[in-house]
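No lab work stands behind these numbers, since they all come straight from the coordinates. Quantities reported herein were computed from a predicted structural model and do not represent experimental measurements. Neighbour counts are summed over all protein chains in view; Cβ atoms, including those assigned to glycine, are modelled from backbone coordinates with ideal geometry.
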Amino acid sequence: MERKRDEPFGKTLLTSILGPERGGEGHYESRFKGKWVQLSNPDRARPKPAEGSNADRKTRRRDQRLVKRARQMETRNTHQRFTDSRDAGKVNSNEPTTSKIADREGERDEDDGKPLSRRKRKQMGLEGKVDQHTSYESFLPIHQLWLSYMHRLLHLIELDGSPNVQLFSLSDDQSIFMQPHQVSAVQATLTKADLCGAPIVVSRASNPALVGLEGLTVQETEGTFVIVNRKNQIKTIPKQGSIFILQVKLPDTLVEALRKRSSTPSASPSGADTLQVPLFGNQLTNNVQTRATKKYKQRRTIDL
């Protein structure tokens, strides 16, 4: 087929391959006209990219992944051969044992200097679902540790051990309340704190069935709180669209110092020695590491 003088080469080539009866000219007009088409020989070796270019870095990363995958397959096959021979009662002394394989993997992780991946943490049992047999009493020691951590974090107790009475006041019914200008500062501090072991109560939620649930925090994820109540029941509460009441029991020394400062001491009502701080779940939808570096912003309303 002869090519016309002003006709593009691509149009001539496509028409000669498909033929006019198969719409070669129409394919060219709709799919190839005005575009760059590279015609290359598939049997020709790929040219080596320039050193330092993006293509060179991609090629290096691809080769590293292939080498890493080959090492993993070698380790897996060696472990499988050792397991099969152990089950058959014929352990070969020349084969590397499981401890040697683990040592090699540990050395490789140390050489890489990278943290454990999420898959490895799950395999080692460091991350996963909460045991359904977890009881409320088993988390009381962790709750006591969290209380002492909160007393230091909120400066309820000074470094010398004396109570900080400047943050609180007593009402007429002998109930303890915090100064209004201190509430937002406490909320900002608690949003960056570790809440594992904290007693929380669901005050408001987009799901009405969750309102009123309370217990000790067993696990905190990026989007949920996992708590255990006094009936040893595990409950998962989403943070998004929920408002929680965090309960912090005040130190006995602080309560006694405030009562002594009062002119008319009397019996305190139940729950008067507990600091209750509202926390908005929408501002807690991050893990602890991210919240520690995130700036707290107080909002007027949060849609539920």
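LEU156: net charge of surrounding residues, Cβ under 14 Å, Lys/Arg +1, Asp/Glu -1, itself excluded? List each step's numbers first, then the result.
Values: positive: ARG152, LYS249; negative: GLU158, ASP160, ASP252, GLU256, ASP273.
Within the 14 Å Cβ shell, the charges total -3.
Would you mind calculating the gained length between LYS33 and ASN287 on full extension (0.36 nm times residue separation, minus the Cα-Cα distance), in nm to one decimal?
Working: separation 254, 0.36 × 254 = 91.44 nm, distance 5.20 nm.
In short, 86.2 nm is gained.
So which of LYS11/LYS33; LYS129/LYS294; LYS249/LYS295 end up more than 18 Å apart, counting from Cα to Cα?
Numbers: LYS11/LYS33 8 Å; LYS129/LYS294 27 Å; LYS249/LYS295 26 Å.
Beyond 18 Å between Cα atoms: LYS129/LYS294; LYS249/LYS295.
With θ set to phi - 60°, apply the Karplus curve 6.51 cos²θ - 1.76 cosθ + 1.60 along the range 145-159 and write out the HN-Hα couplings as whole Hz, x wherever there is a Gly or Pro.
Ordered by residue, 3J(HN,Hα) equals 5, 5, 4, 5, 5, 5, 4, 6, 5, 8, 6, 6, 10, 6, 5 Hz.
Treat the count of other C-beta atoms within 10 Å as a stand-in for reagent exposure and order LEU18, LEU167, LEU284, LEU159 from fewest to most.
Values: LEU18 15, LEU167 18, LEU284 22, LEU159 7.
Fewest to most other Cβ atoms nearby, the residues stand as LEU159, LEU18, LEU167, LEU284.
Name the long-range amide H neighbours of GLY241: under 5 Å, sequence gap of 5 or more, or other chain; modelled H, no Pro or chain starts.
ASN282
With each pseudo-label sitting 7 Å past Cα toward Cβ, what's the LYS192-THR134 distance in nm, one decimal?
That separation, rounded to one decimal, is 2.6 nm.
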